[in-house]
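The values are calculated or read from the model by the stated rules, or taken from the named source; none is laboratory data. It should be emphasised that the depicted structure is a prediction, and the values quoted were computed from it without experimental measurement. Using ideal geometry, Cβ is built from the backbone for each residue, glycine included, and neighbour counts are taken over all protein chains shown. For accessibility, only protein heavy atoms count, side chains too; no ligands or nucleic acids. Shrake-Rupley method; radii C 1.70, N 1.55, O 1.52, S 1.80 Å.
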Amino acid sequence: MVTQTLRSADDCNCVAVPPDEEAYTLRRLDLSEEAIDAYYYGFSNRVLWPLCHGFPDLIENRPNDFEWYRRVNEQFAEAVSEHADENAIVWLQDYHLALAPRLIQGSIPDSTTVAHFWHIPWPIPETFRHCPAGGHLLEGLLGNDLLGFHVEGYADRFLDCVDRFLPTADVDRTRRTIRYDERTTRVVATPMGVDAEAYDSDARSTDRDRLTALFEEYGIPQGTTLGLGLDRLDYTKGIPERLAALERFFERNPGWRGEFTFVQKATPSRTEIGTYQQYGDLVRSEVQRINRRFGTADWRPIVYTEDVLPREDLCTLYRHADAMVVSSLVDGMNLVAQEYVAASVDGDGALLLSTRVGAHERLGSHALTIDPADVEGVAAQLEYALSMSAHERQRRLNTLRQRVFSGDIQSWMATQFDWINRVHDDAGSSDKSGRTRRRTDSESDSREPTPPV
Ligand code: GDG
(Lines give C-alpha, C1' and ligand atoms only; values in the text may rest on other atoms or scores of the structure.)
Protein backbone atom coordinates (compact mmCIF):
# COMPACT_ATOMS: atom_id res chain seq x y z
CA MET A 1 0.00 0.00 0.00
CA VAL A 2 1.28 3.45 -0.88
CA THR A 3 0.77 6.10 1.75
CA GLN A 4 1.32 9.77 1.13
CA THR A 5 1.39 12.55 3.66
CA LEU A 6 -0.73 15.37 2.34
CA ARG A 7 0.58 18.71 3.52
CA SER A 8 -1.85 21.42 4.34
CA ALA A 9 -1.56 24.76 2.61
CA ASP A 10 0.40 27.57 4.27
CA ASP A 11 -0.89 31.06 5.09
CA CYS A 12 -0.82 32.13 1.44
CA ASN A 13 -2.67 28.94 0.42
CA CYS A 14 0.47 27.45 -1.12
CA VAL A 15 1.34 23.77 -1.00
CA ALA A 16 4.36 21.88 -2.36
CA VAL A 17 3.47 19.03 -4.71
CA PRO A 18 3.66 16.13 -5.44
CA PRO A 19 3.60 15.21 -1.73
CA ASP A 20 6.30 12.55 -1.96
CA GLU A 21 8.62 14.45 -4.29
CA GLU A 22 8.04 18.16 -3.92
CA ALA A 23 8.79 19.60 -7.34
CA TYR A 24 6.73 22.78 -7.47
CA THR A 25 4.42 24.97 -5.43
CA LEU A 26 0.73 25.02 -6.01
CA ARG A 27 -1.12 28.20 -5.06
CA ARG A 28 -4.75 27.43 -4.41
CA LEU A 29 -7.62 29.84 -4.91
CA ASP A 30 -10.74 29.50 -2.81
CA LEU A 31 -13.91 29.69 -4.89
CA SER A 32 -17.36 29.79 -3.35
CA GLU A 33 -19.99 27.27 -4.44
CA GLU A 34 -21.79 30.06 -6.23
CA ALA A 35 -18.60 30.95 -8.10
CA ILE A 36 -17.97 27.32 -9.10
CA ASP A 37 -21.53 26.92 -10.30
CA ALA A 38 -21.46 30.09 -12.42
CA TYR A 39 -17.82 30.10 -13.52
CA TYR A 40 -17.14 26.39 -14.07
CA TYR A 41 -20.57 24.78 -14.61
CA GLY A 42 -21.87 28.04 -16.07
CA PHE A 43 -19.88 30.11 -18.52
CA SER A 44 -17.02 27.60 -19.00
CA ASN A 45 -19.12 24.52 -19.61
CA ARG A 46 -22.57 25.80 -20.56
CA VAL A 47 -21.25 28.42 -22.98
CA LEU A 48 -17.63 28.02 -24.04
CA TRP A 49 -17.53 24.22 -24.28
CA PRO A 50 -20.58 23.88 -26.59
CA LEU A 51 -19.59 27.02 -28.50
CA CYS A 52 -16.04 25.86 -29.26
CA HIS A 53 -17.22 22.37 -30.23
CA GLY A 54 -19.79 23.78 -32.66
CA PHE A 55 -22.97 23.07 -30.66
CA PRO A 56 -24.46 26.60 -30.40
CA ASP A 57 -27.91 25.12 -29.73
CA LEU A 58 -26.61 23.72 -26.43
CA ILE A 59 -25.42 27.11 -25.15
CA GLU A 60 -27.20 28.08 -21.95
CA ASN A 61 -26.79 31.77 -21.38
CA ARG A 62 -27.70 32.16 -17.71
CA PRO A 63 -27.68 35.57 -16.04
CA ASN A 64 -24.55 36.26 -13.93
CA ASP A 65 -22.43 33.40 -15.36
CA PHE A 66 -20.24 35.70 -17.45
CA GLU A 67 -19.91 38.14 -14.56
CA TRP A 68 -18.62 35.28 -12.36
CA TYR A 69 -16.33 34.10 -15.15
CA ARG A 70 -14.84 37.59 -15.25
CA ARG A 71 -14.49 37.75 -11.45
CA VAL A 72 -12.78 34.37 -11.20
CA ASN A 73 -10.44 35.26 -14.08
CA GLU A 74 -9.60 38.44 -12.12
CA GLN A 75 -8.85 36.32 -9.07
CA PHE A 76 -6.45 34.14 -11.08
CA ALA A 77 -4.85 37.19 -12.68
CA GLU A 78 -4.31 38.83 -9.28
CA ALA A 79 -2.75 35.68 -7.87
CA VAL A 80 -0.44 35.36 -10.88
CA SER A 81 0.67 38.97 -10.72
CA GLU A 82 1.68 38.51 -7.07
CA HIS A 83 4.22 35.91 -8.22
CA ALA A 84 5.28 37.09 -11.69
CA ASP A 85 8.47 39.12 -11.44
CA GLU A 86 10.81 40.46 -14.16
CA ASN A 87 11.34 38.01 -17.02
CA ALA A 88 8.88 35.49 -15.63
CA ILE A 89 6.96 33.20 -17.97
CA VAL A 90 3.25 32.80 -17.29
CA TRP A 91 1.73 29.77 -19.01
CA LEU A 92 -2.07 29.49 -18.90
CA GLN A 93 -4.09 26.41 -19.81
CA ASP A 94 -7.43 26.18 -21.51
CA TYR A 95 -10.79 27.82 -21.93
CA HIS A 96 -11.48 28.54 -18.28
CA LEU A 97 -9.05 31.47 -18.36
CA ALA A 98 -9.79 33.41 -21.53
CA LEU A 99 -9.97 36.81 -19.84
CA ALA A 100 -6.95 36.34 -17.60
CA PRO A 101 -4.14 37.11 -20.11
CA ARG A 102 -5.18 40.73 -20.67
CA LEU A 103 -5.79 41.22 -16.95
CA ILE A 104 -2.38 39.77 -16.14
CA GLN A 105 -0.58 41.93 -18.72
CA GLY A 106 -2.04 45.01 -17.08
CA SER A 107 -0.43 44.27 -13.72
CA ILE A 108 2.97 42.66 -14.30
CA PRO A 109 6.39 43.85 -15.50
CA ASP A 110 6.51 44.34 -19.26
CA SER A 111 9.33 41.79 -19.50
CA THR A 112 7.02 38.96 -18.44
CA THR A 113 5.86 36.64 -21.21
CA VAL A 114 2.28 35.39 -21.16
CA ALA A 115 1.48 32.23 -23.14
CA HIS A 116 -1.70 30.19 -23.30
CA PHE A 117 -2.61 26.77 -24.65
CA TRP A 118 -6.21 26.25 -25.75
CA HIS A 119 -6.95 22.51 -25.48
CA ILE A 120 -10.27 22.47 -27.33
CA PRO A 121 -11.24 23.49 -30.89
CA TRP A 122 -11.90 27.08 -31.93
CA PRO A 123 -15.21 27.66 -33.75
CA ILE A 124 -15.89 29.27 -37.11
CA PRO A 125 -17.10 32.91 -37.01
CA GLU A 126 -20.70 31.88 -37.81
CA THR A 127 -20.70 29.88 -34.57
CA PHE A 128 -18.59 32.30 -32.55
CA ARG A 129 -21.13 35.09 -33.15
CA HIS A 130 -23.43 33.21 -30.72
CA CYS A 131 -20.98 33.86 -27.90
CA PRO A 132 -22.21 36.25 -25.27
CA ALA A 133 -19.37 38.70 -24.55
CA GLY A 134 -17.39 37.31 -27.52
CA GLY A 135 -15.49 40.58 -28.00
CA HIS A 136 -14.29 40.49 -24.37
CA LEU A 137 -13.03 36.93 -24.87
CA LEU A 138 -11.04 37.85 -27.96
CA GLU A 139 -9.59 40.90 -26.23
CA GLY A 140 -8.74 38.79 -23.21
CA LEU A 141 -6.88 36.23 -25.32
CA LEU A 142 -5.02 38.95 -27.18
CA GLY A 143 -3.34 39.78 -23.88
CA ASN A 144 -1.18 36.72 -24.64
CA ASP A 145 2.19 36.99 -26.31
CA LEU A 146 1.68 33.43 -27.54
CA LEU A 147 -1.54 31.50 -28.08
CA GLY A 148 -1.36 27.81 -28.98
CA PHE A 149 -3.92 25.45 -30.50
CA HIS A 150 -3.63 21.76 -31.37
CA VAL A 151 -4.06 22.11 -35.13
CA GLU A 152 -3.73 24.70 -37.89
CA GLY A 153 -7.49 24.82 -38.57
CA TYR A 154 -8.28 26.04 -35.04
CA ALA A 155 -5.54 28.69 -35.23
CA ASP A 156 -6.87 29.91 -38.58
CA ARG A 157 -10.41 30.11 -37.25
CA PHE A 158 -9.20 32.19 -34.32
CA LEU A 159 -7.64 34.63 -36.80
CA ASP A 160 -10.93 34.61 -38.77
CA CYS A 161 -12.91 35.52 -35.64
CA VAL A 162 -10.53 38.31 -34.64
CA ASP A 163 -10.64 39.67 -38.18
CA ARG A 164 -14.42 39.68 -38.15
CA PHE A 165 -15.27 40.73 -34.61
CA LEU A 166 -12.39 43.06 -33.67
CA PRO A 167 -12.16 45.36 -36.69
CA THR A 168 -9.32 47.44 -35.22
CA ALA A 169 -7.05 44.40 -34.89
CA ASP A 170 -4.35 43.97 -37.52
CA VAL A 171 -4.26 40.29 -38.55
CA ASP A 172 -1.22 38.99 -40.43
CA ARG A 173 -2.25 35.59 -41.73
CA THR A 174 1.12 34.69 -43.18
CA ARG A 175 3.00 35.11 -39.92
CA ARG A 176 -0.07 34.28 -37.81
CA THR A 177 0.31 37.38 -35.70
CA ILE A 178 -2.29 39.82 -34.45
CA ARG A 179 -1.51 43.39 -33.48
CA TYR A 180 -4.12 44.79 -31.13
CA ASP A 181 -4.03 47.56 -28.56
CA GLU A 182 -0.24 48.02 -28.91
CA ARG A 183 0.51 44.35 -28.33
CA THR A 184 1.40 41.51 -30.68
CA THR A 185 0.05 37.99 -30.20
CA ARG A 186 1.63 35.10 -32.07
CA VAL A 187 -0.82 32.25 -32.81
CA VAL A 188 0.64 28.77 -33.32
CA ALA A 189 -0.52 25.20 -33.96
CA THR A 190 1.38 22.76 -31.74
CA PRO A 191 -0.30 19.33 -31.57
CA MET A 192 -0.09 17.76 -28.13
CA GLY A 193 1.26 14.25 -27.66
CA VAL A 194 1.30 11.67 -24.87
CA ASP A 195 4.07 10.17 -22.76
CA ALA A 196 4.59 7.41 -25.32
CA GLU A 197 7.56 5.78 -23.57
CA ALA A 198 5.60 5.50 -20.34
CA TYR A 199 2.55 3.92 -22.04
CA ASP A 200 4.85 1.57 -23.92
CA SER A 201 6.71 0.42 -20.82
CA ASP A 202 3.58 0.24 -18.62
CA ALA A 203 1.89 -1.88 -21.30
CA ARG A 204 4.92 -4.18 -21.54
CA SER A 205 4.87 -4.75 -17.80
CA THR A 206 1.20 -5.81 -17.73
CA ASP A 207 0.69 -9.51 -17.38
CA ARG A 208 -1.81 -11.81 -19.02
CA ASP A 209 -3.24 -12.83 -15.62
CA ARG A 210 -4.51 -9.30 -15.13
CA LEU A 211 -6.41 -9.52 -18.43
CA THR A 212 -7.92 -12.83 -17.35
CA ALA A 213 -8.92 -11.27 -14.02
CA LEU A 214 -10.46 -8.24 -15.75
CA PHE A 215 -12.46 -10.51 -18.06
CA GLU A 216 -13.73 -12.39 -15.02
CA GLU A 217 -14.55 -9.21 -13.13
CA TYR A 218 -16.56 -7.76 -16.02
CA GLY A 219 -18.16 -11.03 -17.15
CA ILE A 220 -16.35 -11.19 -20.49
CA PRO A 221 -15.87 -14.71 -21.90
CA GLN A 222 -12.16 -15.63 -21.87
CA GLY A 223 -10.64 -15.65 -25.34
CA THR A 224 -13.16 -13.24 -26.82
CA THR A 225 -11.99 -10.71 -29.41
CA LEU A 226 -11.92 -7.32 -27.72
CA GLY A 227 -13.08 -3.87 -28.85
CA LEU A 228 -12.54 -0.78 -26.70
CA GLY A 229 -13.93 2.73 -26.29
CA LEU A 230 -12.74 5.09 -23.54
CA ASP A 231 -14.13 8.56 -23.12
CA ARG A 232 -15.52 11.14 -20.78
CA LEU A 233 -19.30 10.94 -20.89
CA ASP A 234 -19.54 14.02 -23.08
CA TYR A 235 -21.82 14.79 -26.04
CA THR A 236 -18.78 15.57 -28.20
CA LYS A 237 -17.43 12.03 -27.98
CA GLY A 238 -19.94 10.33 -30.28
CA ILE A 239 -20.76 7.44 -27.95
CA PRO A 240 -24.39 6.88 -29.10
CA GLU A 241 -23.16 6.95 -32.71
CA ARG A 242 -20.56 4.29 -31.80
CA LEU A 243 -23.24 2.16 -30.14
CA ALA A 244 -25.45 2.45 -33.24
CA ALA A 245 -22.52 1.27 -35.37
CA LEU A 246 -21.95 -1.68 -33.01
CA GLU A 247 -25.61 -2.62 -33.27
CA ARG A 248 -25.33 -2.52 -37.08
CA PHE A 249 -22.12 -4.56 -36.89
CA PHE A 250 -23.85 -7.34 -34.93
CA GLU A 251 -26.83 -7.24 -37.32
CA ARG A 252 -24.54 -7.62 -40.31
CA ASN A 253 -22.27 -10.21 -38.68
CA PRO A 254 -24.18 -12.85 -36.70
CA GLY A 255 -20.96 -14.90 -36.69
CA TRP A 256 -19.31 -12.38 -34.38
CA ARG A 257 -22.05 -12.70 -31.74
CA GLY A 258 -20.52 -14.34 -28.71
CA GLU A 259 -17.05 -13.92 -30.24
CA PHE A 260 -16.53 -10.16 -30.02
CA THR A 261 -17.09 -8.02 -26.92
CA PHE A 262 -16.92 -4.24 -26.88
CA VAL A 263 -15.81 -2.67 -23.59
CA GLN A 264 -17.02 0.90 -23.26
CA LYS A 265 -15.43 2.76 -20.37
CA ALA A 266 -17.19 6.11 -19.81
CA THR A 267 -16.23 8.64 -17.16
CA PRO A 268 -19.14 10.70 -15.82
CA SER A 269 -18.33 14.36 -16.23
CA ARG A 270 -20.03 17.72 -15.42
CA THR A 271 -23.04 15.85 -14.08
CA GLU A 272 -24.49 19.05 -12.57
CA ILE A 273 -25.43 20.06 -16.12
CA GLY A 274 -28.74 18.69 -17.46
CA THR A 275 -27.38 18.04 -20.97
CA TYR A 276 -24.73 15.75 -19.49
CA GLN A 277 -27.26 13.90 -17.30
CA GLN A 278 -29.49 13.30 -20.33
CA TYR A 279 -26.53 12.19 -22.41
CA GLY A 280 -25.48 9.68 -19.73
CA ASP A 281 -29.06 8.34 -19.52
CA LEU A 282 -29.17 7.93 -23.30
CA VAL A 283 -25.85 6.07 -23.43
CA ARG A 284 -26.80 3.71 -20.57
CA SER A 285 -30.22 2.94 -22.03
CA GLU A 286 -28.81 2.29 -25.51
CA VAL A 287 -26.26 -0.14 -24.06
CA GLN A 288 -29.05 -1.99 -22.24
CA ARG A 289 -31.25 -2.10 -25.32
CA ILE A 290 -28.48 -3.48 -27.57
CA ASN A 291 -27.45 -5.99 -24.91
CA ARG A 292 -31.06 -7.18 -24.57
CA ARG A 293 -31.29 -7.52 -28.34
CA PHE A 294 -28.15 -9.61 -28.92
CA GLY A 295 -26.97 -10.80 -25.50
CA THR A 296 -27.09 -14.42 -24.39
CA ALA A 297 -26.91 -16.11 -20.99
CA ASP A 298 -23.11 -15.96 -20.96
CA TRP A 299 -22.26 -13.05 -23.28
CA ARG A 300 -23.05 -9.33 -23.52
CA PRO A 301 -22.01 -7.56 -26.73
CA ILE A 302 -21.26 -4.33 -24.83
CA VAL A 303 -19.67 -4.29 -21.41
CA TYR A 304 -20.25 -0.81 -20.07
CA THR A 305 -18.45 0.57 -17.04
CA GLU A 306 -18.06 3.92 -15.33
CA ASP A 307 -15.34 2.59 -13.02
CA VAL A 308 -12.17 4.65 -12.82
CA LEU A 309 -9.55 2.24 -14.11
CA PRO A 310 -6.15 2.14 -12.45
CA ARG A 311 -3.36 2.82 -14.92
CA GLU A 312 -2.36 -0.86 -14.95
CA ASP A 313 -5.86 -1.92 -16.05
CA LEU A 314 -6.03 0.86 -18.61
CA CYS A 315 -2.73 -0.32 -20.13
CA THR A 316 -3.85 -3.96 -20.00
CA LEU A 317 -6.97 -3.10 -22.00
CA TYR A 318 -5.07 -0.87 -24.43
CA ARG A 319 -2.49 -3.59 -25.04
CA HIS A 320 -4.97 -6.38 -25.65
CA ALA A 321 -7.80 -4.57 -27.44
CA ASP A 322 -8.01 -5.86 -31.00
CA ALA A 323 -9.77 -2.67 -32.08
CA MET A 324 -10.06 0.74 -30.46
CA VAL A 325 -12.88 3.01 -31.61
CA VAL A 326 -12.53 6.80 -31.30
CA SER A 327 -15.70 8.25 -32.83
CA SER A 328 -15.82 11.82 -31.49
CA LEU A 329 -18.11 14.24 -33.31
CA VAL A 330 -15.50 16.89 -32.60
CA ASP A 331 -12.46 16.71 -30.33
CA GLY A 332 -9.57 19.15 -29.86
CA MET A 333 -6.94 16.41 -30.05
CA ASN A 334 -7.97 13.11 -28.34
CA LEU A 335 -5.18 11.65 -26.28
CA VAL A 336 -6.82 8.23 -25.94
CA ALA A 337 -6.08 7.40 -29.59
CA GLN A 338 -2.40 8.17 -29.08
CA GLU A 339 -2.23 6.29 -25.77
CA TYR A 340 -3.72 3.21 -27.44
CA VAL A 341 -1.10 3.32 -30.18
CA ALA A 342 1.75 3.78 -27.67
CA ALA A 343 0.46 0.86 -25.56
CA SER A 344 -0.05 -1.47 -28.56
CA VAL A 345 3.35 -3.02 -28.01
CA ASP A 346 2.56 -6.32 -29.74
CA GLY A 347 1.80 -4.57 -33.03
CA ASP A 348 -1.57 -6.29 -33.39
CA GLY A 349 -4.10 -3.55 -32.61
CA ALA A 350 -6.29 -1.55 -34.98
CA LEU A 351 -7.37 2.06 -34.50
CA LEU A 352 -10.68 3.32 -35.89
CA LEU A 353 -10.36 7.08 -35.83
CA SER A 354 -12.91 9.81 -36.47
CA THR A 355 -11.91 12.33 -39.12
CA ARG A 356 -13.17 15.06 -36.76
CA VAL A 357 -10.50 14.85 -34.04
CA GLY A 358 -7.24 16.79 -33.87
CA ALA A 359 -5.32 13.49 -33.72
CA HIS A 360 -6.57 12.67 -37.20
CA GLU A 361 -4.02 15.09 -38.69
CA ARG A 362 -1.17 12.99 -37.35
CA LEU A 363 -2.69 9.51 -37.44
CA GLY A 364 -5.37 9.65 -40.14
CA SER A 365 -3.29 8.19 -42.96
CA HIS A 366 -2.63 4.89 -41.15
CA ALA A 367 -5.63 4.55 -38.87
CA LEU A 368 -8.93 3.23 -40.22
CA THR A 369 -10.74 6.52 -40.63
CA ILE A 370 -14.42 6.84 -39.84
CA ASP A 371 -17.15 9.42 -40.14
CA PRO A 372 -18.91 8.93 -36.79
CA ALA A 373 -22.31 9.91 -38.25
CA ASP A 374 -22.08 7.17 -40.90
CA VAL A 375 -23.38 4.14 -38.98
CA GLU A 376 -23.01 1.78 -41.93
CA GLY A 377 -19.49 3.02 -42.68
CA VAL A 378 -18.28 2.60 -39.09
CA ALA A 379 -19.76 -0.92 -38.94
CA ALA A 380 -17.94 -1.77 -42.20
CA GLN A 381 -14.62 -0.40 -40.89
CA LEU A 382 -15.01 -2.49 -37.74
CA GLU A 383 -15.54 -5.59 -39.89
CA TYR A 384 -12.45 -4.65 -41.84
CA ALA A 385 -10.45 -4.07 -38.64
CA LEU A 386 -11.33 -7.51 -37.29
CA SER A 387 -10.52 -9.27 -40.56
CA MET A 388 -7.29 -7.40 -41.31
CA SER A 389 -4.21 -9.55 -41.84
CA ALA A 390 -1.55 -9.61 -39.15
CA HIS A 391 0.81 -8.05 -41.69
CA GLU A 392 -1.48 -5.09 -42.36
CA ARG A 393 -2.11 -4.50 -38.65
CA GLN A 394 1.61 -4.48 -38.03
CA ARG A 395 2.34 -2.21 -41.02
CA ARG A 396 -0.26 0.36 -39.99
CA LEU A 397 0.75 0.29 -36.34
CA ASN A 398 4.45 0.69 -37.13
CA THR A 399 3.79 4.04 -38.78
CA LEU A 400 1.27 5.10 -36.14
CA ARG A 401 3.80 4.30 -33.42
CA GLN A 402 6.54 6.27 -35.15
CA ARG A 403 4.24 9.29 -35.29
CA VAL A 404 3.09 9.01 -31.68
CA PHE A 405 6.64 8.56 -30.40
CA SER A 406 8.11 11.38 -32.47
CA GLY A 407 5.34 13.79 -31.46
CA ASP A 408 5.19 12.80 -27.80
CA ILE A 409 4.53 15.00 -24.78
CA GLN A 410 8.22 15.76 -24.30
CA SER A 411 8.56 17.09 -27.84
CA TRP A 412 5.35 19.09 -27.35
CA MET A 413 6.78 20.70 -24.21
CA ALA A 414 10.03 21.46 -26.03
CA THR A 415 8.10 23.12 -28.85
CA GLN A 416 6.03 25.15 -26.39
CA PHE A 417 9.13 26.48 -24.73
CA ASP A 418 10.92 27.11 -28.04
CA TRP A 419 8.02 29.34 -28.96
CA ILE A 420 7.80 30.96 -25.53
CA ASN A 421 11.52 31.75 -25.60
CA ARG A 422 11.16 33.06 -29.11
CA VAL A 423 8.39 35.52 -28.24
CA HIS A 424 10.25 36.40 -25.04
CA ASP A 425 13.41 37.22 -27.03
CA ASP A 426 11.32 39.14 -29.54
CA ALA A 427 10.07 41.33 -26.72
CA GLY A 428 13.38 43.20 -27.00
CA SER A 429 15.74 44.94 -24.62
CA SER A 430 15.25 47.49 -21.85
CA ASP A 431 14.96 51.17 -22.62
CA LYS A 432 16.63 53.96 -20.64
CA SER A 433 13.89 54.14 -18.05
CA GLY A 434 14.60 50.53 -17.22
CA ARG A 435 11.24 49.37 -18.55
CA THR A 436 11.36 46.55 -21.03
CA ARG A 437 10.58 47.69 -24.54
CA ARG A 438 8.75 45.27 -26.80
CA ARG A 439 10.27 44.93 -30.23
CA THR A 440 8.07 46.20 -33.06
CA ASP A 441 6.94 43.83 -35.78
CA SER A 442 9.41 45.24 -38.29
CA GLU A 443 12.29 44.51 -35.91
CA SER A 444 11.28 40.88 -35.53
CA ASP A 445 12.56 38.36 -38.01
CA SER A 446 10.49 35.50 -39.34
CA ARG A 447 12.45 32.59 -37.88
CA GLU A 448 10.27 29.62 -37.05
CA PRO A 449 11.25 27.35 -34.17
CA THR A 450 12.13 23.84 -35.20
CA PRO A 451 8.94 21.78 -35.46
CA PRO A 452 8.78 18.53 -33.47
CA VAL A 453 10.50 15.71 -35.33
C1 GDG B 1 -9.41 17.62 -23.50
C2 GDG B 1 -9.88 17.77 -24.96
C3 GDG B 1 -7.61 17.03 -25.72
C4 GDG B 1 -10.03 8.30 -19.04
N5 GDG B 1 -10.59 7.32 -18.28
C6 GDG B 1 -9.61 6.86 -17.47
C7 GDG B 1 -8.43 7.55 -17.76
N8 GDG B 1 -8.73 8.45 -18.72
C9 GDG B 1 -7.76 9.41 -19.31
C10 GDG B 1 -7.26 8.95 -20.66
C11 GDG B 1 -6.79 10.27 -21.27
C12 GDG B 1 -7.74 11.30 -20.65
O13 GDG B 1 -8.41 10.66 -19.56
C14 GDG B 1 -8.80 11.80 -21.64
O15 GDG B 1 -8.16 12.66 -22.56
P16 GDG B 1 -8.79 13.05 -23.98
O17 GDG B 1 -7.78 13.83 -24.74
O18 GDG B 1 -9.18 11.80 -24.69
O19 GDG B 1 -10.12 13.86 -23.72
P20 GDG B 1 -10.61 15.16 -22.82
O21 GDG B 1 -10.76 14.76 -21.39
O22 GDG B 1 -11.88 15.62 -23.46
O23 GDG B 1 -9.47 16.27 -22.98
C24 GDG B 1 -9.13 16.81 -25.87
C25 GDG B 1 -7.18 17.06 -24.26
O26 GDG B 1 -7.97 17.97 -23.50
C27 GDG B 1 -5.70 17.46 -24.13
O28 GDG B 1 -5.46 18.69 -24.74
O29 GDG B 1 -6.95 15.94 -26.36
O30 GDG B 1 -9.51 16.99 -27.21
O31 GDG B 1 -11.28 17.57 -25.05
O32 GDG B 1 -5.48 10.58 -20.86
O33 GDG B 1 -6.24 8.00 -20.47
N34 GDG B 1 -7.26 7.30 -17.12
C35 GDG B 1 -7.28 6.31 -16.16
N36 GDG B 1 -8.40 5.62 -15.83
C37 GDG B 1 -9.57 5.85 -16.45
O38 GDG B 1 -10.59 5.21 -16.12
N39 GDG B 1 -6.12 6.01 -15.53
Is the C-alpha gyration tensor of region 323-393 telling us rounded, prolate or oblate? Criteria: a/c under 1.5 is rounded; beyond that, a/b larger than b/c is prolate, otherwise oblate.
oblate
Can you compute the helix-only [θ] at 222 nm over the chain? Use -39500 (n - 2.57) per DSSP H run of at least 4 residues, normalise by all residues, nearest 500 deg cm²/dmol.
-12000 deg cm²/dmol
Ignoring solvent entirely, what values of log10 I(q)/I(0) come out of the Debye formula for the chain at 0.14 Å⁻¹ when each Cα is a single scatterer?
-1.40
Within a Cβ distance under 11 Å of residue 365, other residues only, what is the Lys/Arg minus Asp/Glu net charge?
+2
Classify region 1-101 as rounded, prolate or oblate from the Cα gyration tensor: take a ≥ b ≥ c as the square roots of its eigenvalues, call it rounded if a/c is under 1.5, otherwise prolate when a/b beats b/c and oblate if not.
prolate
Per residue Cα convex hull volume for region 105-161, in cubic angstrom?
85 Å³
Toward the positive end of the charge dipole of the chain, about the Cα centre and with charges on Cβ (Lys, Arg +1; Asp, Glu -1), which of 96, 227, 40 goes farthest?
227
Suppose every Lys and Arg Cβ carries +1 and every Asp and Glu Cβ carries -1, with no other charges. What dipole size does region 274-314 come out with about its Cα centre, to the nearest 20 debye?
280 debye
Tell me, how many Å apart are the Cα centres for region 197-253 and for region 279-321?
7 Å
With all protein chains present and a 1.4 Å probe, how do 120, 89 order by accessible area, largest first?
89, 120
10 Å beta-carbon shell around residue 189, net charge (K/R +1, D/E -1):
-2
How big is the gap, in Å, between the Cα center of region 31-108 and the Cα center of region 358-385?
35 Å
So, how do all the Cα-to-Cα distances of region 196-406 break down into 10 Å bins, in percent, from 0 on up?
9, 37, 40, 14, 1
Dipole in debye (nearest 20) - the chain, about Cα centre, beta carbon charges: Lys, Arg +1; Asp, Glu -1:
960 debye
Out of region 1-73, which trypsin sites (Lys or Arg not before Pro) are coil in DSSP terms and have no more than 12 other C-beta atoms within 10 Å?
7, 28
For an R0 of 41 angstrom, estimate the FRET efficiency from the Cβ-Cβ distance between residue 374 and residue 204 and round to the nearest 0.05.
0.70
Keeping every protein chain in place, order 192, 324 by accessible area at 1.4 Å, biggest value first, i.e. largest first.
192, 324
